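Q: Following this message is one structure expressed as structure tokens.
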Amino acid sequence: MKSLEAVNEFVIKFANVNGTGSASANNLFAKALFRMGLPVSPKNIFPSNIQGLPTWYEVRVSEKGYLGRRGGVDIMVSVNPQSMPQDIKEVEPGGYFIYDDTKPLDLRLIRNDVNIIGLPLTRICNEQYDDPRQRQLFKNVIYVGALAALLDMDFAVLTQLVGDQFKGKEKLVLPNIHALELGHQYVKSNLQCPIGITVRASDQVGDKILLDGNTALGLGAIYGGATVAAWYPITPSTSVVDAFEKYAKRLRIDPGTGARNYAIVQAEDELAAMGMVIGASWNGARAFTATSGPGLSLMSEFLGLAYFAEIPTVLFDVQRAGPSTGMPTRTQQSDVLSAAYASHGDTKQVLLFPATPKECFDMGAASFDLAERLQTPIILMTDLDLGMNDNMSEPLHWDDERRYDRGKVLSAEDLDKIERYGRYLDVDGDAICYRTYPGTHPEKGAFFTRGTSRDEYAVYTERGEEYEKNMHRLMAKWETIKEYVPKPEVVRSKQATDTALLYYGTSEESSREAMDYLAEDGIHVNAMRVRAFPFNDEVEAFLHEHERVFVIEQNRDAQLRTLLMAEFELGPDKLKSVLCFDGTPISARNIRKQILMQMPGHNVTPLRRERVVGNGE
Amino acid sequence: MSYQVPKFRHPELPRNELGYTRADYEGSISTLCAGCGHDSISGSIVRACHELSLEPHKIAKLSGIGCSSKSPTYFLGKSHGFNSVHGRMPSVVTGAAMANRDLLYLGVSGDGDTASIGMGQFTHAIRRNLNMVYIVMNNGCYGLTKGQDSATADEGSASKKGDPNPFGAIDLPGLALQLGATFVARSFSGDKEQLVPLIKAAMSHRGFALIDVVSPCVTFNNNTASTKSYEFVREHAAATGTVDFVPMREEITTSYPPGQSQEVTMHDGSVLHLHKLSEELDPFCRSSAMMALERYRSSGQILTGLIYMDKDSRDLHEVLETSRRPLNTLAEEDLCPGDKVLQNINASLR
Ligand SMILES: Cc1ncc(C[n+]2csc(CCOP(=O)(O)OP(=O)(O)O)c2C)c(N)n1
Ligand code: SF4
Ligand SMILES: [Mg+2]
């Protein structure tokens with residue numbers, strides 16, 4: 001058997017039982033590699049369950065800087081007998097299967113093309129600890145120590161990290177270091193180490209940080225000046241408001257009075273959450289909510305009202321797979337269409353697609369400027385993969401010179417200078433009209449907010465011409481919006497090509513990696529990352545420039561492709577789909593495979609749409 | 001069609017402390033059916049605000065959907081208003097109130113808007129003790145969709161269509177009491193003498209103030225078999241007592257014989273006089289209020305007046321400990337921690 005050999009370039013996956021504290025140990029492992037200067041991309045694949053079901057944690061380590069899922073597993077750390085049969089099958093030929101050999105391995109599971117390494121985790125724990133909870137917790141730390149020896153890691157990095165992580169809880173430092181040593185020692189004295197895959201310190205991390213997108217969004221809301229947050233708990237969006245609250249408690253307390261310069265209301269449901277955001281924004285505060293698919297559905301009516309009544313609204317949608325009894329803890333990009341055209345009547349909503357934590361922070365803060373400038377809902381579309389996993393990211397930055405763009409709002413003095421105020425009167429020709437906040441002026445500027453049954457002066461009317469005129473103005477505003485939303489990013493191939501990739505959000509990293517694989521296959525492609533809807537003119541030009549464009553996305557129905565076809569009236573020939581919707585992040589190998597199958601001259605018949613099965617590899 | 005109120009007014013109309021006449025508190029001409037109870041309630045709102053010398057632009061009026069929810073167009077033309085979506089006005093008010101605690105929030109809803117589609121939001125606004133006045137214009141039917149029974153229609157009551165309602169009614173004051181509401185009143189659109197002081201008291205209350213106003217729908221539910229008709233309500237209303245409201249700045253001139261009257265100082269300094277109180281009700285005791293409501297209900301009468309009030313109510317802002325300064329007045333220097341703090345956060349993420 002040929003064993004896999006690699007330095008600083010591999011995929012390791014941990015199979016654990018949910019609720020046993022494994023995530024923090026696995027995170028310790030990933031963070032240690034990060035501190036050694038290695039780009040890492042940890043992904044927590046967890047069930048909708050508090051305790052007992054299988055859970056996985058996959059870490060991509062790549063000195064080359066690939067941060068997406070590659071596909072395949074080189075090292076499996078199997079700590080959950082329940083999922084063992086499936087886990088051992090996933091290991092690449094020549095890879096490593098590490099398991100708890102306190103109990104012997106079921107002979108039927110043994111593979112001859114995989115290195116099988118036993119660690120007596122349960123036995124060590126039972127010898128060392130009396131308390132069952134300690135036995136469970138430290139088992140995880142012990143295998144991290146063991147991995148340090150197997151992979152030839154710098155042990156000091158681990159011990160220092162433990163010291164940092166338990167700052168303020170010093171009592172926990174020594175027991176954790178002891179557990180790490182137990183694993184390390186066992187391997188050193190009983191097993192052949194290191195294995196074929198090793199790590200060594202590198203310098204590929206620079207000043208980057210390791211942060212989850214939801215925390216970045218919460219911080220973005222703090223920096224963006226949000227004062228009102230209304231929400232209803234739903235995975236995977238809950239930690240957005242948690243982060244907002246955590247930082248607000250530190251950074252938003254009035255120094256003089258101790259009072260809070262923010263209000264967080266846990267609403268009775270998502271309808272109410274959205275209503276609160278609209279009420280607060282109508283009244284001149286910056287407000288936001290965070291939700292996921294089912295919540296987005298519930299917010300739909302209000303999103304229509306905000307669109308028609310032109311009320312700034314900020315919504316962070318952390319997408320997940322399907323319904324509440326679908327795979328609520330798995331990732332997808334499957335709310336694109338329902339968000340883009342959310343609500344009744346003719347509505348079009350502005351979407352932002354961040355791809356990194358830094359972009360979550362930047363776009364999160366910018367959402368408030370955009371919402372107020374454009375007077376319409378801004379729906380930021382992130383997903384579970386970006387939101388809940390630690391992602392390596394450029395550091396966050398705030399320009400202290402920057403001022404909030406509060407949009408077109410009239411003060412009492414402004415109103416005094418105006419003959420007659422019209423809330424929906426397009427005076428500047430950009431189809432964006434002037435707002436007034438309640439309470440501004442004793443005599444002028446008050447109006448009755450309603451959907452569309454009003455004229456430019458907000459006076460009640462049901463005349464069809466007024467309705468039409470208003471709808472035309474909203475369409476003209478849509479054109480204005482294109483100038484404000486973030487522009488796409490383009491990557492050009494060194495060789496001229498008529499083929500391109502188009503992707504958004506978390507499909508970026510795997511797509512970029514797939515581009516390199518395709519280049520090795522002799523297929524050169526340009527690429528565009530779309531960052532917003534409405535699509536800017538650059539997107540249209542890019543599509544016209546290419547013969548075929550592969551639209552890469554993480555849903556079944558090719559939702560962004562549908563949006564492109566609808567907005568640009570393009571036929572299906574030009575736009576091909578690369579899809580993954582099994583709930584795991586799309587992998588580079590999967591993308592490559594689907595593209596190869598659809599390239600002209602390829603001898604495999606392309607899969608028909610309905611048969612393209614998301615392949616997590 | 002759109003209407004604007006003609007601006008000409010009689011110069012002799014009485015002016016309040018701010019120099020405003022009642023006309024300054026009016027809105028556009030109503031497009032509701034002639035005789036609709038909702039219009040009388042609008043009139044009482046105008047009178048209460050005028051008499052309280054409220055600055056019209058410091059009031060925000062919000063509503064859901066229905067004939068009742070249209071009525072904010074017909075009063076307080078100088079106030080910002082918001083005709084939101086069906087049953088969801090409470091959430092919009094919650095957000096608005098969080099943004100600016102210094103305005104007076106007047107919510108207007110119907111029985112369909114509140115007791116059916118909006119039941120969830122109604123109950124949670126009560127539970128949070130949101131600082132607002134919540135007026136239900138209660139006609140026992142869905143006026144705007146042409147007269148279907150609502151959830152407040154009494155069992156056996158029949159609208160113009162004629163079929164007796166087979167379901168029991170949801171009693172909004174009873175429900176509000178049970179949910180911990182801090183101000184609960186009921187009145188009748190046709191009884192301005194009772195309704196105006198109740199609205200004033202509600203506006204001075206800190207916390208959630210519910211006034212359930214029986215308001216006949218002349219077009220669909222004012223027939224003899226209806227228990228929400230003018231005639232039925234006039235015959236079956238029983239008042240808890242009389243309420244007089246004396247704003248903070250006014251001298252108290254009326255006096256009542258001792259024993260029959262109670263005085264309450266509201267948190268804004270105004271004074272509420274309750275007199276000729278029914279002996280069966282202590283309006284400061286929740287269980288007494290609940291029992292009185294039930295007693296009258298079972299004897300087929302409609303108890304009106306101030307039913308319950310909690311004098312020490314704490315509103316949502318107090319619970320959340322939000323800043324005294326309205327959140328919508330805070331600027332970058334209050335809100336944005338700056339790059340230095342962010343660089344420390346970056347450092348903790350390496
Ligand atoms: C989501 C939604 N469902 C249904 C309607 C239709 N609708 C308009 S008003 C109304 C009932 C209003 O009844 P109520 O609140 O009692 O007001 P009233 O007209 O009796 O004053 C309904 C069902 C709507 N506007 N929105
Ligand atoms: S239908 Fe009924 S509730 Fe509506 S305006 Fe007419 S009388 Fe009033
Ligand atoms: Mg009604």
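The values are calculated or read from the model by the stated rules, or taken from the named source; none is laboratory data. Small disclaimer: the values here were computed from a predicted structure and weren't measured. Virtual Cβ from ideal backbone geometry, glycine too; neighbours counted across all protein chains shown.
Q: So if I check each of B:S42, B:S91, B:S84, B:S79, which one is within 16 Å of ligand 2 (Cβ to nearest atom), modelled with pLDDT of 95 or more and hydroxyl-bearing (S, T, Y)? If you could, list the steps in order and put the result at the bottom.
A: On the way: B:S91 fails: within 16 Å of ligand 2 (Cβ to nearest atom); B:S84 fails: within 16 Å of ligand 2 (Cβ to nearest atom); B:S79 fails: within 16 Å of ligand 2 (Cβ to nearest atom).
Selected residue: B:S42, the only one of B:S42, B:S91, B:S84, B:S79 that is within 16 Å of ligand 2 (Cβ to nearest atom), modelled with pLDDT of 95 or more and hydroxyl-bearing (S, T, Y).
Q: Please tell me if B:D191 is charged (D, E, K, R), under 18 Å from the mean Cα position of the chain (by Cα), more than 16 Å from ligand 2 (Cβ to nearest atom) and more than 14 Å from chain A (Cβ to nearest Cβ).
A: Yes; evaluated as a whole, the condition is true for this residue.
Q: Something else: Within segment A:120-166, which residues are outside any helix (DSSP H, G or I), free of Cβ contacts under 8 Å to residues at least 40 places away in the same chain and surrounded by fewer than 17 Cβ atoms within 10 Å (Cβ to Cβ)? Walk me through it before giving the result.
A: First pass over segment A:120-166, keeping only residues outside any helix (DSSP H, G or I): A:120, A:129-131, A:151-154, A:166.
From what's left, free of Cβ contacts under 8 Å to residues at least 40 places away in the same chain: A:129-131, A:166.
Scanning segment A:120-166 gives A:D130, A:D131, A:F166.
Q: Could I ask something else about it? Quick check on my filter: what residues within segment A:99-109 are surrounded by 12 or more Cβ atoms within 10 Å (Cβ to Cβ) and assigned to a helix (DSSP H, G or I)?
A: Scanning segment A:99-109 gives a single hit, A:L109.
Q: Check segment B:53-66 and report whether any residue there is within 16 Å of ligand 3 (Cβ to nearest atom) and among the polar types (S, T, N, Q).
A: Within segment B:53-66, the first condition is being within 16 Å of ligand 3 (Cβ to nearest atom), and the residues that meet it are B:63-66.
If we keep only those that are among the polar types (S, T, N, Q) too, we end up with B:63.
Yes; the residues of segment B:53-66 include at least one that is within 16 Å of ligand 3 (Cβ to nearest atom) and among the polar types (S, T, N, Q).
Q: Related question: What are the residue pairs meeting all of these: first residue in segment B:207-225, first residue farther than 21 Å from B:G43 by Cα, second residue aromatic (F, W, Y) and within 12 Å of ligand 2 (Cβ to nearest atom), Cβ atoms under 9 Å, and 6 or more apart or on different chains?
A: Pairs found: B:F220/B:Y142.
Q: What number of residues within segment B:328-344 are over 19 Å from B:M98 (Cβ atoms) and either within 7 Å of another protein chain (Cβ to nearest Cβ) or in a loop (DSSP other than H, G, I, E, B) (or both)? Show your work before the answer.
A: So in segment B:328-344, the residues over 19 Å from B:M98 (Cβ atoms) come out as B:332-333, B:336-344.
If we keep only those that are either within 7 Å of another protein chain (Cβ to nearest Cβ) or in a loop (DSSP other than H, G, I, E, B) (or both) as well, we get B:332, B:336-339, B:341-342.
Total meeting the criteria: 7.
Q: If I ask for residues that are of a type in the set (S, T, Y) and more than 8 Å from every other protein chain (Cβ to nearest Cβ), which ones from segment B:67-106 would you list?
A: As a first pass, look at segment B:67-106 and keep what is of a type in the set (S, T, Y): B:68-69, B:71, B:73-74, B:79, B:84, B:91, B:94, B:105.
If the condition is that a residue be of a type in the set (S, T, Y) and more than 8 Å from every other protein chain (Cβ to nearest Cβ), then B:S68, B:S69, B:S71, B:Y74, B:Y105 are the ones that fit.
Q: A further question on this structure: For segment B:173-218, how many residues meet the condition of being closer than 17 Å to B:T123 by Cβ, assigned to a helix (DSSP H, G or I) and not hydrophobic (A, V, I, L, M, F, W, C)?
A: From segment B:173-218, those closer than 17 Å to B:T123 by Cβ are B:173-184, B:207-212; that's our starting set.
Those left that are additionally assigned to a helix (DSSP H, G or I): B:173-178.
Still in the list and also not hydrophobic (A, V, I, L, M, F, W, C): B:173-174, B:178.
Total meeting the criteria: 3.
Q: Starting from segment A:226-255, take each residue that is in contact (Cβ under 8 Å) with a residue 24 or more places away in the chain and closer than 22 Å to B:S348 by Cα and list its partners that are of a type in the set (K, R) and surrounded by fewer than 21 Cβ atoms within 10 Å (Cβ to Cβ), counting only C-beta distances under 7 angstrom and pairs at least six apart or across chains.
A: Between residues of segment A:226-255 that are in contact (Cβ under 8 Å) with a residue 24 or more places away in the chain and closer than 22 Å to B:S348 by Cα and residues that are of a type in the set (K, R) and surrounded by fewer than 21 Cβ atoms within 10 Å (Cβ to Cβ), the close pairs are A:R252/A:R260.
So that you can scan it fast, the table gives a plain yes or no per residue for (1) within 16 Å of ligand 1 (Cβ to nearest atom); (2) part of a strand (DSSP E or B):
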| site | (1), (2) |
| --- | --- |
| B:H57 | no, no |
| B:A60 | no, yes |
| B:I65 | yes, no |
| B:T73 | yes, no |
| B:P90 | yes, no |
| B:M98 | no, no |
| B:R101 | no, no |
| B:T114 | yes, no |
| B:F122 | yes, no |
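Q: Does A:M392 satisfy being out of contact with any His (no Cβ under 9 Å at 6 or more places or on another chain), within 12 Å of chain B (Cβ to nearest Cβ) and of a type in the set (A, V, I, L, M, F, W, C)?
A: Numbers: out of contact with any His (no Cβ under 9 Å at 6 or more places or on another chain): yes; within 12 Å of chain B (Cβ to nearest Cβ): yes; of a type in the set (A, V, I, L, M, F, W, C): yes.
Judged against the criteria, A:M392 is a match.
Q: Any residue that is within 14 Å of chain B (Cβ to nearest Cβ), of a type in the set (D, E, K, R) and not in a loop (DSSP other than H, G, I, E, B) - is there at least one of those in segment A:15-36?
A: Kept after step one, since they are within 14 Å of chain B (Cβ to nearest Cβ), are these residues of segment A:15-36: A:27, A:30-36.
Adding the requirement that they be of a type in the set (D, E, K, R) leaves A:31, A:35.
Add one more test, that the residue is not in a loop (DSSP other than H, G, I, E, B), and what stays is A:31, A:35.
Taking every residue of segment A:15-36 in turn, at least one turns out to be within 14 Å of chain B (Cβ to nearest Cβ), of a type in the set (D, E, K, R) and not in a loop (DSSP other than H, G, I, E, B).
Q: Collect the residues in segment B:27-49 that are within 16 Å of ligand 3 (Cβ to nearest atom) and basic (K, R), keeping them in residue-number order.
A: none
Q: Considering only residues that are outside any loop (DSSP other than H, G, I, E, B) and without any contact (Cβ under 8 Å) to a residue 24 or more places away in the chain, look in segment A:408-425 and name the one that is surrounded by the most Cβ atoms within 10 Å (Cβ to Cβ). I'd like the intermediate steps shown before the answer.
A: Looking only at segment A:408-425, we keep the residues that are outside any loop (DSSP other than H, G, I, E, B), and these are A:409, A:412-416.
If we keep only those that are without any contact (Cβ under 8 Å) to a residue 24 or more places away in the chain too, we end up with A:413-414.
Numbers: A:E413: 9, A:D414: 17.
Ranking the qualifying residues of segment A:408-425, first place goes to A:D414.
Q: Among the candidates B:A238, B:A158, B:A209, B:A225, single out the residue that is within 16 Å of ligand 2 (Cβ to nearest atom) and away from chain A (no Cβ under 14 Å).
A: Details: B:A238 fails: within 16 Å of ligand 2 (Cβ to nearest atom); B:A209 fails: within 16 Å of ligand 2 (Cβ to nearest atom); B:A225 fails: within 16 Å of ligand 2 (Cβ to nearest atom).
It is B:A158.
Q: If you check every pair at least six apart or on different chains, which have Cβ atoms under 7 Å apart with a residue in segment B:107-118 that is within 14 Å of chain A (Cβ to nearest Cβ) and closer than 15 Å to B:L32 by Cβ first and a residue that is more than 13 Å from ligand 2 (Cβ to nearest atom) and β-branched (V, I, T) second?
A: These pairs meet every condition: B:V108/B:I135.
Q: Looking only at segment B:136-172, which residues are within 16 Å of ligand 3 (Cβ to nearest atom) and not in a loop (DSSP other than H, G, I, E, B)?
A: Applying the first criterion (within 16 Å of ligand 3 (Cβ to nearest atom)) to segment B:136-172 yields B:136-154, B:157-161, B:165, B:167, B:169-172.
The answer is B:V136, B:M137, B:N138, B:C141, B:Y142, B:Q148, B:D149, B:A158, B:L172.
Q: Same structure again: Sort out which residues of segment A:448-474 are touching a residue at least 12 places away in the same chain (Cβ under 8 Å), closer than 23 Å to A:L351 by Cβ and part of a helix (DSSP H, G or I), and write them in order of number.
A: A:N470, A:M471, A:R473, A:L474 - these are the residues of segment A:448-474 that are touching a residue at least 12 places away in the same chain (Cβ under 8 Å), closer than 23 Å to A:L351 by Cβ and part of a helix (DSSP H, G or I).
Q: Give the number of residues within segment A:248-306 that are closer than 23 Å to B:G118 by Cβ, of a type in the set (D, E, K, R) and surrounded by fewer than 23 Cβ atoms within 10 Å (Cβ to Cβ).
A: Residues flagged as closer than 23 Å to B:G118 by Cβ, of a type in the set (D, E, K, R) and surrounded by fewer than 23 Cβ atoms within 10 Å (Cβ to Cβ) within segment A:248-306 amount to 3.
Q: Just to be sure I understand, how many residues within segment B:103-112 are under 25 Å from A:V228 (Cα atoms) and either within 16 Å of ligand 3 (Cβ to nearest atom) or assigned to a strand (DSSP E or B) (or both)? Step through it out loud before you land on a result.
A: Within segment B:103-112, the first condition is being under 25 Å from A:V228 (Cα atoms), and the residues that meet it are B:103-109.
With either within 16 Å of ligand 3 (Cβ to nearest atom) or assigned to a strand (DSSP E or B) (or both) added as a condition, the list becomes B:104-109.
Total satisfying the criteria: 6.
Q: Return yes when B:H86 is outside any strand (DSSP E or B), free of Cβ contacts under 8 Å to residues at least 40 places away in the same chain and within 16 Å of ligand 3 (Cβ to nearest atom) and no when it is not.
A: Numbers: outside any strand (DSSP E or B): yes; free of Cβ contacts under 8 Å to residues at least 40 places away in the same chain: yes; within 16 Å of ligand 3 (Cβ to nearest atom): yes.
It is true that B:H86 is outside any strand (DSSP E or B), free of Cβ contacts under 8 Å to residues at least 40 places away in the same chain and within 16 Å of ligand 3 (Cβ to nearest atom).
Q: Considering only segment A:458-480, I want to know if a residue exists there that is of a type in the set (A, V, I, L, M, F, W, C), farther than 24 Å from A:S334 by Cα and within 14 Å of chain B (Cβ to nearest Cβ). Outline the logic, then answer.
A: Quick first cut of segment A:458-480, residues of a type in the set (A, V, I, L, M, F, W, C) only: A:458-459, A:471, A:474-476, A:478.
Remaining after also requiring farther than 24 Å from A:S334 by Cα: A:458-459, A:471, A:474-476.
With the extra rule that they be within 14 Å of chain B (Cβ to nearest Cβ), the set shrinks to A:458-459.
Yes, segment A:458-480 contains at least one residue that is of a type in the set (A, V, I, L, M, F, W, C), farther than 24 Å from A:S334 by Cα and within 14 Å of chain B (Cβ to nearest Cβ).
Q: Right, A:T325: within 12 Å of chain B (Cβ to nearest Cβ) and of a type outside the set (G, A, S) or not? Explain how you work it out, then say what you get.
A: Values: within 12 Å of chain B (Cβ to nearest Cβ): no; of a type outside the set (G, A, S): yes.
Judged against the criteria, A:T325 is not a match.
Q: Tell me which residues, restricted to segment B:141-155, are loosely packed, with under 13 Cβ neighbours inside 10 Å and either more than 15 Å from ligand 1 (Cβ to nearest atom) or closer than 23 Å to B:R297 by Cβ (or both).
A: The one that is loosely packed, with under 13 Cβ neighbours inside 10 Å and either more than 15 Å from ligand 1 (Cβ to nearest atom) or closer than 23 Å to B:R297 by Cβ (or both): B:E155.
Q: Residue under question is A:N112, and the condition is that it be surrounded by fewer than 17 Cβ atoms within 10 Å (Cβ to Cβ), more than 34 Å from the chain's Cα centre (by Cα), on the phi < 0 side of the Ramachandran plot and in a helix (DSSP H, G or I); does it hold? Break it down into steps so the answer makes sense when it comes.
A: Working: surrounded by fewer than 17 Cβ atoms within 10 Å (Cβ to Cβ): yes; more than 34 Å from the chain's Cα centre (by Cα): yes; on the phi < 0 side of the Ramachandran plot: yes; in a helix (DSSP H, G or I): no.
No, not satisfied.
Q: Here is a follow-up. It is to be established whether one or more residues within segment A:372-383 are touching a residue at least 24 places away in the same chain (Cβ under 8 Å), away from chain B (no Cβ under 11 Å) and farther than 30 Å from A:R450 by Cα. So that I can check it myself, show each step before the final result.
A: We begin by selecting, within segment A:372-383, every residue touching a residue at least 24 places away in the same chain (Cβ under 8 Å); these are A:372-383.
Pick out the ones that are also away from chain B (no Cβ under 11 Å) and you get A:372-383.
Okay, now just the ones that are also farther than 30 Å from A:R450 by Cα, so A:382-383.
The answer is yes, given that some residue of segment A:372-383 is touching a residue at least 24 places away in the same chain (Cβ under 8 Å), away from chain B (no Cβ under 11 Å) and farther than 30 Å from A:R450 by Cα.
Q: Follow-up. Tell me which of these A:I117 doesn't satisfy, since it passes every other one: (1) assigned to a helix (DSSP H, G or I); (2) over 31 Å from the mean Cα position of the chain (by Cα); (3) in contact (Cβ under 8 Å) with a residue 40 or more places away in the chain.
A: The single condition A:I117 does not satisfy is (1).
Q: Name every residue in segment A:288-319 that is among the charged types (D, E, K, R) and within 11 Å of another protein chain (Cβ to nearest Cβ), in order of residue number. Quick ask: steps written out before the conclusion?
A: Here is the first cut: in segment A:288-319, the ones among the charged types (D, E, K, R) are A:301, A:310, A:317.
Selection gives A:E301 alone.
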